[in-house]
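A short worksheet on the structure shown next.
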Amino acid sequence: MRPQINPSILSADFARLADEAEAVAGADWLHVDVMDNHFVPNLTLGLPVVEALGKATGTPLDCHLMIEDPDRWAPQYVDAGAGSVTFHVEAAAAPVRLAREIRAKGARASMALKPATPVEPYEDLLPELDMLLVMTVEPGFGGQAFLDIMLPKIRRTRELIAKHGLEMWLQVDGGVSASTIERCAEAGADVFVAGSAVYGAQDPAEAVRRLREQAETAAAAAAWACGH
Ligand code: DX5
Ligand code: ZN
């Protein structure tokens, strides 16, 4: 799959969300960080804002739920218009049931792992998912430094996807920028969330194009992508 760039609106101007979505109209998805001040120590937005944003943009919404009780809330984000819904495995009571429910409602189901959560215990769950998100910072805030100690986990996740012959996407989120995206792509990521690297740039649309080019070049040269 061609690398995808998902700008995170956490770094956008929340008073002008429709304009900020328009500023990255060439992006594959808009990444929407939902935080409840319990699962992470920050509070952002919820269902009404997701619903309004979905109506205001043609770009599909990639909702990243950093909330407690995703079993209760995640399906409602599909109803609100999200095309992809990511829940954290650390917060989910029944991840398989939840992934099936999200898919049954017609969205892509995705599961996120915090930096200290290993991927190996979830190997058997992977076929239930459309995407796995490997966090490359502790979730909660934009603008943090990329944790390069996560690169081996990205590599091992890519190996598991190949081992099972799955089509699922592998997303990275946190500190992804012009100086880190190539390492992520080389390790096996194919969906890249970028907040400050896109909205902190003079020209966000140009930042998206450049990040995609860098990811494409790095992925084309990577061993994992051979034969794709
Ligand atoms: C952090 C969020 C990220 C955040 C990334 O918990 O999940 O999506 O917006 O921001 P940057 O790209 O600035 O690290
Ligand atoms: Zn996120």
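The values are calculated or read from the model by the stated rules, or taken from the named source; none is laboratory data. Predicted model, so just to flag it, every value in this text is computed and none were measured. Cβ coordinates were reconstructed from backbone atoms using ideal geometry, including for glycine residues, and neighbour counts include every protein chain displayed.
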Seminar exercise, completed: Result of the Cβ filter at 6 Å on segment 60-88, keeping first residues that are within 15 Å of Leu133 (Cα to Cα) and of a type in the set (S, T, N, Q) and partners that are part of a strand (DSSP E or B) and away from ligand 2 (no atom under 12 Å from the Cβ), at least 6 apart or interchain, is Ser84/Arg108
Exercise. Does Gly106 qualify as being at pLDDT 95 or above and on the phi > 0 side of the Ramachandran plot?
Worked result: yes
Problem set entry | Unmet criterion (only one of (1) more than 7 Å from ligand 1 (Cβ to nearest atom); (2) among the hydrophobic types (A, V, I, L, M, F, W, C); (3) under 19 Å from Lys114 (Cα atoms)) for Val137 | (1)
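Residues checked against (1) under 15 Å from the mean Cα position of the chain (by Cα); (2) within 12 Å of ligand 2 (Cβ to nearest atom); (3) assigned to a strand (DSSP E or B); (4) closer than 20 Å to Ile181 by Cα:
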{"site": "Ile5", "(1), (2), (3), (4)": "yes, no, yes, yes"}
{"site": "Arg16", "(1), (2), (3), (4)": "no, no, no, no"}
{"site": "Ala21", "(1), (2), (3), (4)": "no, no, no, no"}
{"site": "Val34", "(1), (2), (3), (4)": "yes, yes, yes, no"}
{"site": "Glu51", "(1), (2), (3), (4)": "no, no, no, no"}
{"site": "Cys63", "(1), (2), (3), (4)": "yes, yes, yes, no"}
For this session: Please enumerate the residues belonging to segment 190-214 that are in a helix (DSSP H, G or I) and either in contact with a strand residue (DSSP E or B) (Cβ under 6 Å, 6 or more places away or on another chain) or modelled with pLDDT under 95 (or both).
Result: Val198, Val208, Leu211, Arg212
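Of the residues Leu30, Leu47, which is at pLDDT 95 or above and under 24 Å from Ile154 (Cα atoms)? First the steps, then the outcome.
Numbers: Leu47 fails: under 24 Å from Ile154 (Cα atoms).
Exactly one of Leu30, Leu47 is at pLDDT 95 or above and under 24 Å from Ile154 (Cα atoms), namely Leu30.
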For this session: Among the candidates Ala74, Ala82, single out the residue that is within 16 Å of ligand 1 (Cβ to nearest atom), assigned to a loop (DSSP other than H, G, I, E, B) and crowded, with 23+ Cβ neighbours inside 10 Å.
Result: Ala82
Exercise. Do you know which residues across segment 192-216 are away from ligand 1 (no atom under 12 Å from the Cβ) and crowded, with 19+ Cβ neighbours inside 10 Å?
Worked result: Pro204, Val208, Arg212, Gln214, Ala215
For this session: Report yes if Ala92 is of a type in the set (A, V, I, L, M), outside any strand (DSSP E or B) and under 18 Å from Pro139 (Cβ atoms), otherwise no.
Result: yes
